[in-house]
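Notes for the one structure printed next.
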Amino acid sequence: MSAAPSPRARLSGALVAAAILIAAAALRFGMLGFEGVWCDEAYTGGMVRAPLSSMLGDLITRDDAPPLFYLVARLGVAVAGDSEAGLRLVPALAGLAAVALLLARARARRDASLVWAAGFFAVAAYAVFHARQARSYGLLFLFALLLIIAARDLLLERRRRSGPTLALAGGALVLTHNIGVVLVLASLALWPL
């Protein structure tokens, strides 16, 4: 175990983390409602504005998408309104939460590589783009990251407390997007390795 960081190192680390979070927030929330919606986002808008029974019925009969994103997006629209920015609130928050998760993990582990990962994810074009879309990809990134972290803790460090987090992240992935099903199935197939 390494020695505790000096006060100067802690302040420096806190400033770096704050800069990363500010950059991530600016890229995800800046001009969030000024790009115009595209067809898939308009579909999301229609789904979250519909009565709950109609939304769930459409998901069962016309769409093959899992319901979690639409249910959470309904809450986002209830809080922020059904404007462009309101439709994109949940993915933007999820994208920011993924960066914050990496930073929290870096702090807990005293792992500079995770700070670099958080910095990269904060500004990566694909992460920013998908966090600014009224689609489920922002949640998908967050839950996939949580799944990877929990699996690492459980498998490599034998931290049994990570089991419930792994199960929760896997369940959330399956309920968020069809790709989440693929991620969970792939992780189960790789488990014995």
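The values are calculated or read from the model by the stated rules, or taken from the named source; none is laboratory data. Model, not experiment: these values are computed from the prediction. Here Cβ is always computed from backbone atoms with ideal geometry, including for glycine, and neighbour counts include all displayed protein chains. Please note that ligands, DNA and RNA were not included when accessible areas were found on the heavy atoms of the full protein model with its side chains. Shrake-Rupley method; radii C 1.70, N 1.55, O 1.52, S 1.80 Å.
Restricting 152, 135 to residues that are of a type in the set (Lys, Arg), over 23 Å from residue 14 (Cα atoms) and without any contact (Cβ under 8 Å) to a residue 24 or more places away in the chain narrows the list to 152. For the range 137-155, the criterion of being surrounded by fewer than 18 Cβ atoms within 10 Å (Cβ to Cβ) and over 19 Å from residue 104 (Cα atoms) is satisfied by at least one residue. Of all the criteria given as (1) of a type outside the set (Asp, Glu); (2) free of Cβ contacts under 8 Å to residues at least 60 places away in the same chain; (3) surrounded by 14 or more Cβ atoms within 10 Å (Cβ to Cβ), the one not satisfied by residue 161 is (3). In the set (1) open to solvent by less than 50 Å² (accessible area, probe 1.4 Å); (2) modelled with pLDDT under 90, the condition left unmet by residue 191 is number (1).
For the range 68-83, the tally of residues that are without any contact (Cβ under 8 Å) to a residue 12 or more places away in the chain and farther than 18 Å from residue 56 by Cβ stands at 3. Taking (1) in contact (Cβ under 8 Å) with a residue 40 or more places away in the chain; (2) touching a Lys or Arg at 6+ places or on another chain (Cβ under 9 Å) in turn, residue 36 satisfies each apart from (2). Scanning the range 127-176 for residues that are polar (S, T, N, Q) and part of a helix (DSSP H, G or I), we see that the one that is modelled with the lowest pLDDT is 162.
Please go through the range 1-18 and give me each residue that is open to solvent by 60 Å² or more (accessible area, probe 1.4 Å) and aliphatic (A, V, I, L, M), ordered by number. If the condition is that a residue be open to solvent by 60 Å² or more (accessible area, probe 1.4 Å) and aliphatic (A, V, I, L, M), then 1, 3, 4, 11, 15, 16 are the ones that fit.
Which of the residues that make up the range 163-193 are of a type outside the set (A, V, I, L, M) and within 15 Å of residue 66 (Cβ to Cβ)? Step through it out loud before you land on a result.
Within the range 163-193, the subset of a type outside the set (A, V, I, L, M) is 163-165, 170-171, 176-178, 180, 187, 191-192.
Of everything in the range 163-193, those that are of a type outside the set (A, V, I, L, M) and within 15 Å of residue 66 (Cβ to Cβ) turn out to be 170, 171, 176, 177, 178, 180.
Name the single residue that is farthest from residue 58 (Cα to Cα) among those in the range 1-23 being in contact (Cβ under 8 Å) with a residue 24 or more places away in the chain and assigned to a helix (DSSP H, G or I). Of everything passing the filter in the range 1-23, 13 is farthest from residue 58 (Cα to Cα).
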